[in-house]
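A.B. asks: Just passing along the structure, written as structure tokens.
The values are calculated or read from the model by the stated rules, or taken from the named source; none is laboratory data. Given the structure is predicted, the values throughout are model-derived calculations rather than measurements. Note that we place each Cβ from the backbone using ideal geometry, even for glycine, and neighbour counts take in every protein chain shown. Surface areas here come from the heavy atoms of the whole protein model, side chains and all, with no ligands, DNA or RNA. Shrake-Rupley method; radii C 1.70, N 1.55, O 1.52, S 1.80 Å.
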Amino acid sequence: MTKKRLVLRFPPELVEQPITYQLIRDYDLMINILQATVTPREEGRLVVEISGERKALEKGLNYLSQLGVGMQPLAQDVLWHQDKCIHCTACIPLCPAGAFVLDREKHLISFEKERCIACGLCVRACPYKAIEILF
Amino acid sequence: MPKTYSQINQKIAMGEVVVVTAEEMIEIVKTKGVKKASREVDVVTTGTFGPMCSSGVFLNLGHSKPRIKFRKVWLNNVPAYTGLAAVDVYLGATELSEDDPENKVFPGEFRYGGGHVIEDLVAGRPVKLKGLAYGTNCYPNREIEKTITIRDIPQAILTNPRNAYQNYNVAVNKSDRVIYTYMGILQPRMGNANYCSAGQLSPLLNDPLYRTIGVGTRIFLGGAQGYVWGAGTQHNPDVPRDKNGLPRAPAGTLAVTGNLKEMSLEWIRGASFTGYGVTLTLGIGVAIPILDEKMAEYTAVSDEDIHAQVVDYSKDYPQGKDKILGTVNYHELREGKITIEGKEIPAGGLSSYARARDIADILKQWIEKGEFLLSEPVAFLPGAER
Ligand code: SF4
Ligand code: SF4
């Protein structure tokens, strides 16, 4: 069993389609909707937790992207473990969102979660596994 | 009047010593001048905390009943070298766990290896020991499997052939693909630059011509007191130098040793470099005696004075070409921005300036409290100015 928490964006032409139903029926996936909104421009935004066999999950997500559904891991689940961080700053230039901020006096970094877009780049860059991304 | 080591040690014993960190020394020399500073300050403390690959630990695993002479040993599935006496082994920092997938799926994660075993030992965590032997008349046992902690084994001596590099390259990637190196992840088209030195706090940059750091120098090592036992591997004093003897390229190195049992988790950590491998991140600090004006001048070095070479790690470095893209100073690097070939590049570190500063502070406190005495080298390093 694999679990993924994603932010899905549906373009207007897909909003009325029974896509989640198909994911459940055709790919044998479990879908837990954590949040659902339709924006003023009628773009649908779903925050979901999808779980199922790893292969099935891959196929299901593939199906979604072929349909033109935008996907992004859930940003809330990027964790910075301060106790493991040695404040080397290696992650700073890699972060496209500027989520790591360096205090130039103390030379200590801090993590501004609100800015993070959960791209995962910093996770690979940190030699001390101080950043964790939970999908 | 030059000072001697024993005069400084007497002052330490009497609680009268004046110790400052390498950062504080910059201001002192700026405001008071070299002459006055050299009279007033007795010791300048330095520090560095970063990945140091040529590290490892000699372990004596203790004799079993019946006895064994190890032929193969694994600690948490990481192989250790056994070509020593019966139960002595050497565990290297960059050794990988036997089942590590390496770079088969690129870039590999390199989750666990020698550096992590060393960290687990220091933390007092249980470590699985497995050993095989062929059996002899005097050592009949052929196999051992048990769980140990550092408290269960007689000796653990950290013994590193190369640490504390004096200056280092700044790494960039000129190709159009991401590359994964021991200098970290480098984005294509010089998207970022990584450096690895404590700069103005770094031990060998405060004694650029090895006038006081030599064989036998007592140091801060992983939170304990250790010693320099020689010039490290690849020690190369003959690189181009600026005025004040500062090397513009990687130059001197130190071989160091200390008792792992006395070290603490805060100052010794396993590290994983995506796509490259594992290593050990280690804290080292050296106290530099201000014997004369020259030492005051050397220890007043600031980040602006120290230059590093920018090297392309996508082609030039792996091919062994000596090409340099440009030169930058540590002030620019620390500020997080350098300019190479007209392009502004964000810079990130691999060694921790905050931790280097902490080490220099701790060393200062040890000396002020009389817990750490300076030692005069019993021999100098190659290239030492006398
Ligand atoms: S790369 Fe890791 S250890 Fe270094 S500053 Fe970032 S989170 Fe901290
Ligand atoms: S996951 Fe991406 S956006 Fe978030 S902190 Fe890491 S690098 Fe920045």
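A.B. asks: Given the peptides B:374-383, A:9-18, arrange them by the average over their residues of other C-beta atoms within 10 Å, most packed first.
C.D. replies: Listed from highest to lowest mean packing, they are B:374-383, A:9-18.
A.B. asks: Now for a separate question. Check B:I288: other-chain or 5+ apart residues with amide H under 5 Å from its amide H, H built from backbone geometry?
C.D. replies: Answer set, sorted by chain and number: B:V44, B:T45, B:T46.
A.B. asks: Is the protein assembly as shown rounded, prolate or oblate when judged by the Cα gyration tensor, a ≥ b ≥ c being the square roots of its eigenvalues, rounded requiring a/c under 1.5 and prolate requiring a/b larger than b/c?
C.D. replies: Verdict is oblate for the protein assembly as shown.
A.B. asks: Continuing with the same structure: Under 5 Å between amide hydrogens, which residues at least 5 positions from B:H63 or on another chain qualify, with H placed 1.01 Å from N in the peptide plane?
C.D. replies: Amide H to amide H, under 5 Å and 5 or more residues apart or across chains, B:H63 pairs with nothing.
A.B. asks: Something else: Which whole-Hz ³J(HN,Hα) couplings does the range B:80-90 yield from phi under the Karplus relation 6.51 cos²θ - 1.76 cosθ + 1.60, θ = phi - 60°, glycine and proline marked x?
C.D. replies: Coupling constants for the range B:80-90: 10, 7, 10, x, 9, 4, 2, 10, 8, 9, 10 Hz.
A.B. asks: So, one more: Could you state the accessible area per residue of the range A:48-100 in Å², with a 1.4 Å probe and every protein chain left in place?
C.D. replies: That works out to 46 Å² per residue.
A.B. asks: Where the accessible area of chain B is counted over protein heavy atoms with a 1.4 Å probe, how much of it, in %, is carbon and sulfur?
C.D. replies: 49 percent
A.B. asks: Please express the Cα-Cα pair-distance distribution P(r) of the range A:48-135 as a list of whole percents, one per 10 Å bin, running from 0 to the bin with the greatest distance.
C.D. replies: 16, 41, 25, 15, 3
A.B. asks: At a Förster radius of 35 Å, what calculated FRET efficiency corresponds to the Cβ-Cβ distance of B:Q10 and B:A379, to the nearest 0.05?
C.D. replies: My answer for the efficiency is 0.90.
A.B. asks: Once you average over the residues of B:346-356, how many Cβ atoms of partner chains fall within 10 Å of each Cβ?
C.D. replies: For peptide B:346-356, the averaged partner shielding equals 6.
A.B. asks: I've got another one for you. Please go through the residue pairs A:K84/B:K343; A:K106/B:K30; A:K59/B:K343; A:K84/B:K72 and name each one whose alpha carbons sit more than 31 Å apart in this structure.
C.D. replies: In this structure, A:K84/B:K343; A:K59/B:K343; A:K84/B:K72 exceed 31 Å between Cα atoms.
A.B. asks: Which value in deg cm²/dmol, rounded to the nearest 500, describes the helix-derived mean residue ellipticity at 222 nm for chain A, given -39,500 (n - 2.57) per DSSP H run of n ≥ 4 and division by the residue count?
C.D. replies: -6000 deg cm²/dmol
A.B. asks: How big, in percent, is the set of alpha carbon pairs in the range B:57-157 lying more than 19 Å apart?
C.D. replies: 40 percent
A.B. asks: Same structure, new question: Could you name the lysines in cross-link range of B:K32, using Cα to Cα under 25 Å and dropping any fewer than eight places away on the same chain?
C.D. replies: B:K3, B:K11, B:K243, B:K294, B:K364
A.B. asks: What percent of all Cα-Cα pairs in the range B:234-301 falls into each 5 Å bin, going from 0 up to the bin containing the maximum distance?
C.D. replies: The percentages, shortest bin first, are 3, 11, 14, 16, 20, 16, 13, 6, 1, 0.
A.B. asks: In whole Hz and in residue order, list the ³J(HN,Hα) couplings for the range B:166-180 that follow from phi through the Karplus curve 6.51 cos²θ - 1.76 cosθ + 1.60, θ = phi - 60°; x for Gly and Pro.
C.D. replies: 3J(HN,Hα) across the range B:166-180, in whole Hz: 7, 6, 7, 5, 9, 9, 9, 10, 8, 6, 9, 10, 5, 10, 10.
A.B. asks: Something else about it: Percent antiparallel among DSSP beta bridges with both residues in the range B:9-107, to the nearest 5?
C.D. replies: So the antiparallel bridges in the range B:9-107 amount to around 75 percent.
A.B. asks: Roughly speaking, what is the centre-to-centre gap between the range B:71-85 and the range B:181-199 when only Cα atoms are used, to the nearest Å?
C.D. replies: A separation of 34 Å, based on Cα centres.
A.B. asks: Take each of the peptides B:167-179, B:206-218, B:12-24, average the number of other beta-carbon atoms within 10 Å over its residues, and list them starting from the highest.
C.D. replies: Going by the mean number of other Cβ atoms within 10 Å, highest first, we get B:206-218, B:167-179, B:12-24.
A.B. asks: Continuing with the same structure: Write down the radius of gyration of the range B:8-65 and its Dmax, each obtained from C-alpha positions, in Å.
C.D. replies: Rg and Dmax of the range B:8-65, Cα atoms, are 19.7, 66 Å.
A.B. asks: Kindly point out, ordered by number, any Cys in chain A whose beta-carbon has no other cysteine beta-carbon under 4.7 Å away.
C.D. replies: If one checks each Cβ against the other cysteines of chain A, A:C85, A:C88, A:C95, A:C116, A:C119, A:C126 turn up with nothing under 4.7 Å.
A.B. asks: If you don't mind, another one. Residues of A:90-97, mean number of Cβ from any other protein chain within 10 Å of their own Cβ, rounded to a whole number?
C.D. replies: Taking the mean over all residues of the peptide, I get 6.
A.B. asks: Let me ask another. Among the aspartates and glutamates, select those whose C-alpha is under 12 Å from the C-alpha of A:K129, and discard any that sit fewer than 8 residues away in the same chain.
C.D. replies: A:K129 reaches A:D83, B:E109.
A.B. asks: Using θ = phi - 60° and the Karplus form 6.51 cos²θ - 1.76 cosθ + 1.60, what ³J(HN,Hα) does each residue of the range B:208-213 get, whole Hz, x for Gly and Pro?
C.D. replies: After applying 6.51 cos²θ - 1.76 cosθ + 1.60, I find x, 10, 6, 7, 10, 8 Hz.
A.B. asks: Would you kindly work out the equivalent ellipsoid of the range B:245-386 from its C-alpha gyration tensor and give its semi-axes, the square roots of five times the eigenvalues, largest first in whole Å?
C.D. replies: After diagonalising the Cα gyration tensor, the semi-axes are 30, 21, 17 Å.
A.B. asks: Show me the ranking of peptides B:182-195, B:323-336, B:271-284 by mean Cβ neighbours inside 10 Å, starting with the highest.
C.D. replies: B:271-284, B:182-195, B:323-336
A.B. asks: In Å³ and rounded to a whole number, note down the convex hull volume per residue for the Cα atoms of the range A:1-106.
C.D. replies: Taking the convex hull of the Cα positions in the range A:1-106, it is 150 Å³ per residue.
A.B. asks: Something else: Once you have all Cα-Cα distances for chain B, histogram them in 10 Å bins from zero and send the whole-percent values.
C.D. replies: Computed distribution, short to long bins: 5, 22, 29, 24, 14, 5, 1, 0.
A.B. asks: Continuing with this model, one more query. Under the rule of -39500 (n - 2.57) per DSSP H run of 4 or more residues, summed and divided by the residues of chain B, what mean residue ellipticity at 222 nm is obtained, to the nearest 500 deg cm²/dmol?
C.D. replies: Dividing the helical sum by the residues of chain B leaves -5000 deg cm²/dmol.
A.B. asks: Summarise the partner chain shielding of A:119-131 as one whole number: the mean count of Cβ atoms from other chains within 10 Å of each residue's Cβ.
C.D. replies: What the average comes to for A:119-131 is 4.
A.B. asks: Further question: Mind checking which aspartates and glutamates have their C-alpha under 14 Å from B:K65, skipping anything on the same chain fewer than 8 residues away?
C.D. replies: List returned: B:E143, B:E145.
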